[in-house]
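The values are calculated or read from the model by the stated rules, or taken from the named source; none is laboratory data. Quick caveat: nothing in here was measured; it's all calculated off a predicted structure. Using ideal geometry, Cβ is built from the backbone for each residue, glycine included, and neighbour counts are taken over all protein chains shown. Keep in mind that these areas ignore ligands, DNA and RNA; they rest on the heavy atoms of the full protein, side chains included. Shrake-Rupley method; radii C 1.70, N 1.55, O 1.52, S 1.80 Å.
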Amino acid sequence: MMCSAQVQSPFYDQSAIWPGASDFKLAKNANVVRFKAGETLYVEGESAPYCYQVVSGVVKEYNTLEDGRRQVADFYGVGDLFGISELEDQLHTAEAITDCAVRCYSRDPFLKAVASCPKLSQQLLDTLMARLHSSRERMIMLGRMSAIQRVAAFLIRLSREQKATSNIRFIMSRQDIADHLGLTIETVCRALTEMKKRGVIIFESARLFSIQDTASLEEITHNSN
C-alpha cells in the first residue's frame, strides 16, 4: 500500500482517537488515503511500514489458506487501529468493505510517540488487550460453539457495535460473515432463517435486521439446541 500521497479531505482535520496524539502531531503528519469498496490496502507478506486507523467506512483483514479459502480475522470501523504487526511483514491482507478513508501512520515514529507518552501507551495497551480478549472469545467460539450459536453471537456483536436492536445493518456480505465464523455461506443463511422462524429476528431487507427477542438471542449463544 502506498501512503506517500496526502489526501486533502473533510476527514483530514479530525483529531486522532488517541488522547494526546495531537501533542506529537501524529494526526497532522499522517496521510489520509481513500479506498473504494473492494480495494486492497495491503497484502499478507508485504512489508509493514505503517499502521492504520479507520476514519470512515469499514475494513476487513483476512488470510488466504492453502486450499484457496479465506479466514476473515476481523472487521474494523471508525476509530479502530489495525495493521500493527510485531514482524516486519503484514500478517493479513486488508480490504475495504465499503468506500472508506484510512489514516496511515508511519509505524516506527508512531510507536516511539506511544512509548514516550503515558496517555498514548495506555490507549494502545487498552486496544491490544481488547483485541486479545476478542481473539480468545473467537477461539472458544470456533472450537466449541455450534453454527447457530456462532451466528447468534455475531448478531449480538453487530447490535452492540451499532448500539441498536432495530434496523441493524449487515455492512459485510454473508460470505464475509461465513469466512469470519468458519462456516459456509449456506450454513450462515440457514442459521439466520432458523432464527427468523423462531421469531428471534426479523429482516427489514437483505441488509437490515431487527432483534425481536433479545433474551432468546442471548439464550441461543448458550444452548445449541
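A few notes on this one:
- When all protein chains stay in place and ligands, DNA and RNA are ignored, the 1.4 Å accessible-area order of ARG157, ARG34, ARG103, largest first, is ARG34, ARG157, ARG103.
- When the Cα positions of ILE84, ILE140, TYR105 are compared along the charge dipole of region 53-145, ILE140 comes out farthest toward the positive end, with charges on each C-beta of Lys, Arg, Asp and Glu.
- For the chain, the fraction of 1.4 Å probe accessible surface lying on carbon and sulfur atoms is 52 percent.
- Taking Cβ atoms as reference points and 10 Å as the exclusive limit, the residues near GLU44 contribute a net charge of -3, counting Lys and Arg as +1 and Asp and Glu as -1.
- Within the same chain, aspartates and glutamates fewer than 8 places from LYS119 are excluded, and of the rest, those with a Cα less than 14 Å from its Cα are ASP23.
- Accessible area in the full protein assembly, largest first, 1.4 Å probe, for GLU66, GLU137, GLU194: GLU66, GLU137, GLU194
- Rolling a 1.4 Å probe over the heavy atoms of the protein chains gives the chain an accessible area of 53 Å² per residue.
- Folded to 0 to 90 degrees: helix 107-116 orientation relative to the chain principal axis, Cα: 80
- Dipole moment magnitude, nearest 20 debye, the chain about Cα centre, only Lys, Arg, Asp, Glu C-beta charged: 560
- Gyration tensor (alpha-carbon) shape descriptor, region 98-223, a/c threshold 1.5: prolate
- Using a probe of 1.4 Å, the accessible surface attributed to TYR50 totals some 50 Å² when neighbouring protein chains are kept in position.
- Region 33-73 and region 114-156 have their alpha-carbon centroids 18 Å apart.
- The chain, relative contact order [Cα under 8 Å, separation at least 6], %: 18
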